[in-house]
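Before any comments, here is the structure.
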Amino acid sequence: MRKSATQRNKTMYCVIMGDIINSRELNDDTRKKATHAAQAAFNRINTKYIGSLMADFGMVRGDAFEGVMLTQSYAPQIVQDIIKAFYSVDNTTVRISVVLGELSVTDGNRNKTDGPAFHLALDRLAEIKAKKSPHWLQVHFDIGNLAQSLVDGQMALLTALTEGWTDKQRETVWAMENQNNFQKAVARKMGTTASVVNKQLKAANYEAYRMAWDGLTEYLAKMDEYIVEGKPVIDKSHVPYFNVAQRMVERHDFDGALKPAEKALDMAKQNTDTNDEQYIALYNLLAEIYTRVEQYEKAEKIIVESLRIQEPMPKARLQYAHTLNEKARLCWVIGSYEDAKKYSKEALEIARNVVEDDHPYVGELYNILAISHSYSNEHEAARDFHYKALSFFNEENDPVNYAVELNNIANSDYYMKNYLEAVKNKKKALKLFEENLPVKHEYIKIAQSEISHISSHQEVFA
C-alpha cells in the first residue's frame, strides 16, 4: 500500500515560510480579508508555478503560510507577490523566510512535509521576529553556501532602499511592477501624469531597487546553471538540471531544454525510486518538451509513466489535472481532437472538485477547452469557453490578459463569419494593448494587422 509521504535523498528544496506580524492585534474583519487576499495570491502562485511545486502554497496554523518549490529562482517573485497581497488589506505586514535545504519527508500536502529546511526556516522567522522591525519588507534568504554573505548584502540593500519610502512612492513602484514597467499605464491607473510617476520612481531609487531583486533572482538561477555547465561543484541531485530545463521552456527554448531535462531524468533514476512523486513534475516537463520538439512517441510514453505513478494517488489533485492537460496538448498536435477535448474536460472536472470555481487554474482549463474545440472547428463552443475564461480576468487590474482572451473570442467570431463582432472585440483588445503596452509590442502589431484583414471582408459593411 502506498504511503502518503516518502523518504528523500539529499535533494535541495526551496521552502518558503512566513507569518502575519502582530496577527493577534488584527480585528476579525481585517484578518479575514487579509487571509482571503493571500489565498487568492496563493492560488495564482500555485497555478503559475504548478510544474515546480512540491507542496502548494496556503495558510497553516491560522496566521502562518508555507509552500515548497523545486525551483528556487522563482522565490524572489513569489515573496514579493505574497507581501503585496497581505499589504493590500489595511497595510497588513508579514515576515518571510526562504531556505534552500534538505527535507527528510515531503508530500503534496504541506502539513506532512518536514525536515531540516523547515526547521531552519522556523529558526530564521524567530530571528526576524526578535528584531521587532516596523518595516513591511522583512525577508531572509538562506541559501546554504559560501555566497550567503552576498545574499544577505542584497537583502540589506533592499531594506535600506525601501525604509524611507513614502506611501505614494511604494504605491508607484508596485504599480510599475504590475504594469510591466510601462509608465504611461501607471500614470493612467493612478490618475496622474507620466512625469509625476517618473519623479516618484526616481525618489524611490526604483532602478536600484529592481536591480537588487533581479540580481538575487539571477544569482539563484545561476546556482543551477553553474552545476549544469559542468563547473567543479559536487551535486548528485537531478533538481538543478530540472530547473534549468524549466526556465528554458519558459523562454520557449525547447530544443535547449531537452538535454538538461533528459539528464535530470537519468540522474533521478540513479538516486530515487522510480515510483517517487518527484518524478511527476519531471515527467510532465519532459512531456511538454517532447511534444514541442515533435518527438511524439516519447511524449506519449512519458505521460503514461506520469499517470502510472499517480494511479495509486487520489485523482482529485491539480497535479493530476495538469498531467491530463499535457495529454490534451499532445492530442492537439497529432490531430486527435476528440481525445484532446476528452482529456481537457476530465482535467477541468478534476480541478473543479479540488479548488473553488474562481481559482485561476480553472480559468486556464477553460481556455484549453476552448482551444480543443477550435481545433475541431467547433467555433461556437470554443467562443463559449473563451467567454468563461474571460471571466477570470479583470479589465481594470489585468488589462493585458483580459485583452488576450477578448482577442481569442474575436478569433472564434471571425471563423463563424461574425465579422462585425470580431472587429468590435479586436478593436477593444487593441485599445487595451495600446494603453498598457509599449507602442512597438508585438501584440499591438498583430492586432492591427488582424483588424485590417477582417475589415477587408465586404460582409463587415454589408
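So here's what we get for this one:
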item: Selection count, segment 286-308, where residues are part of a helix (DSSP H, G or I) and either acidic (Asp, Glu) or open to solvent by less than 10 Å² (accessible area, probe 1.4 Å) (or both); result: 10
item: Number of the exception - Lys445 against (1) of a type outside the set (A, V, I, L, M, F, W, C); (2) within 23 Å of Thr193 (Cα to Cα); (3) outside any loop (DSSP other than H, G, I, E, B); result: (2)
item: Any hit, segment 253-264, residues being surrounded by 19 or more Cβ atoms within 10 Å (Cβ to Cβ), in contact (Cβ under 8 Å) with a residue 12 or more places away in the chain and not in a helix (DSSP H, G or I); result: no
item: Count of segment 52-74 residues which are farther than 19 Å from Gly101 by Cβ, of a type in the set (Gly, Ala, Ser) and at pLDDT 90 or above; result: 1
item: Criterion (of a type outside the set (Phe, Trp, Tyr), more than 30 Å from Tyr343 (Cα to Cα) and surrounded by 18 or more Cβ atoms within 10 Å (Cβ to Cβ)) met by exactly one of Leu432, Leu390, Leu420; result: Leu432
item: Any hit, segment 162-184, residues being more than 26 Å from Ala41 (Cβ to Cβ) and open to solvent by 70 Å² or more (accessible area, probe 1.4 Å); result: yes
item: Check on Tyr320, in contact with a helix residue (DSSP H, G or I) (Cβ under 6 Å, 6 or more places away or on another chain), within 18 Å of Met54 (Cα to Cα), among the aromatic types (Phe, Trp, Tyr) and open to solvent by 10 Å² or more (accessible area, probe 1.4 Å); result: yes
item: Sole exception among (1) open to solvent by 50 Å² or more (accessible area, probe 1.4 Å); (2) closer than 22 Å to Tyr443 by Cβ for Phe385, by number; result: (1)
item: Among residues of segment 48-98, those that are assigned to a strand (DSSP E or B), β-branched (Val, Ile, Thr) and over 19 Å from the mean Cα position of the chain (by Cα), counted; result: 2
item: Segment 265-285, residues that are under 15 Å from Ile309 (Cα atoms), charged (D, E, K, R) and either assigned to a helix (DSSP H, G or I) or open to solvent by less than 60 Å² (accessible area, probe 1.4 Å) (or both); result: Lys269, Asp276, Glu277
item: Residue match in segment 130-144 (condition: of a type in the set (A, V, I, L, M) and in a helix (DSSP H, G or I)); result: yes
item: Candidates Glu364, Glu356, filtered to the one that is in contact with a Ser or Thr (Cβ under 7 Å, 6 or more places away or on another chain), open to solvent by 30 Å² or more (accessible area, probe 1.4 Å) and either assigned to a helix (DSSP H, G or I) or more than 30 Å from Ala187 (Cβ to Cβ) (or both); result: Glu364
item: First in segment 73-95 and under 21 Å from Val60 (Cβ atoms), second anywhere and of a type in the set (S, T, N, Q) and buried (at least 23 other Cβ atoms within 10 Å of the Cβ), Cβ under 7 Å, 6 or more apart; result: Phe86/Thr92
item: Sole residue being at pLDDT 90 or above, open to solvent by less than 20 Å² (accessible area, probe 1.4 Å) and of a type in the set (Lys, Arg), chosen from Lys341, Lys345; result: Lys341
item: Tally, over segment 50-97, of residues that are out of contact with any Asp or Glu (no Cβ under 9 Å at 6 or more places or on another chain) and of a type in the set (Ser, Thr, Tyr); result: 6
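The values are calculated or read from the model by the stated rules, or taken from the named source; none is laboratory data. A quick note: this is a predicted structure, and the numbers were derived from the prediction, not measured. No Cβ is skipped: glycine too gets one built from the backbone with ideal geometry, and neighbour counts run over all protein chains shown. The area values use the complete protein model at the heavy-atom level, side chains included, leaving out ligands, DNA and RNA. Shrake-Rupley method; radii C 1.70, N 1.55, O 1.52, S 1.80 Å.
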